[in-house]
Amino acid sequence: MGPGLSPTCAPRGYYLRVQLSRRFRRAEAELFALGRGGVFDTVARAERGERLRADAPFPIDFDPAELLP
């Protein structure tokens, strides 16, 4: 693992939350960035059929439904 990378491979100050439900065919992703006062702010959010797009911490562009088996 490279320097500054956690086991989730996310740079410090960012958090990606993904919720999947095969049963209900539900997929949702939300990207957070550490803001002022140590609070995480939503940077981007997408549900099934939408694209999660962001430039930081690295280019991200995907439909959360692509993660469903």
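Observations on the model:
- Of all residues in segment 50-59, those satisfying the criterion of being surrounded by fewer than 14 Cβ atoms within 10 Å (Cβ to Cβ) and either hydroxyl-bearing (Ser, Thr, Tyr) or outside any strand (DSSP E or B) (or both) are Arg51, Asp55, Ala56, Phe58, Pro59.
- When Arg23 is tested against (1) more than 14 Å from Pro69 (Cα to Cα); (2) exposed (fewer than 13 other Cβ atoms within 10 Å of the Cβ); (3) not hydroxyl-bearing (Ser, Thr, Tyr), exactly one condition is not met: (1).
- Subset of segment 36-48 that is out of contact with any strand residue (DSSP E or B) (no Cβ under 9 Å at 6 or more places or on another chain) and of a type outside the set (Val, Ile, Thr) - its residue that is nearest to Phe24 (Cα to Cα): Gly38
- Reported count of residues in segment 35-49, each being under 13 Å from the mean Cα position of the chain (by Cα) and surrounded by 13 or more Cβ atoms within 10 Å (Cβ to Cβ), is 6.
- Segment 24-34, subset at pLDDT 95 or above and more than 15 Å from Tyr14 (Cα to Cα), residue farthest from the chain's Cα centre (by Cα): Ala27
- Hey, Leu52 within 12 Å of the chain's Cα centre (by Cα) and without any contact (Cβ under 8 Å) to a residue 24 or more places away in the chain or not: yes
- Within segment 60-69, the residues that satisfy the criterion of being assigned to a loop (DSSP other than H, G, I, E, B) and modelled with pLDDT under 95 are Leu68, Pro69.
The values are calculated or read from the model by the stated rules, or taken from the named source; none is laboratory data. Computed from a predicted structure; not experimentally measured. Quick reminder, even Gly has a Cβ in these numbers, built from the backbone with ideal geometry, and neighbours come from all protein chains shown.
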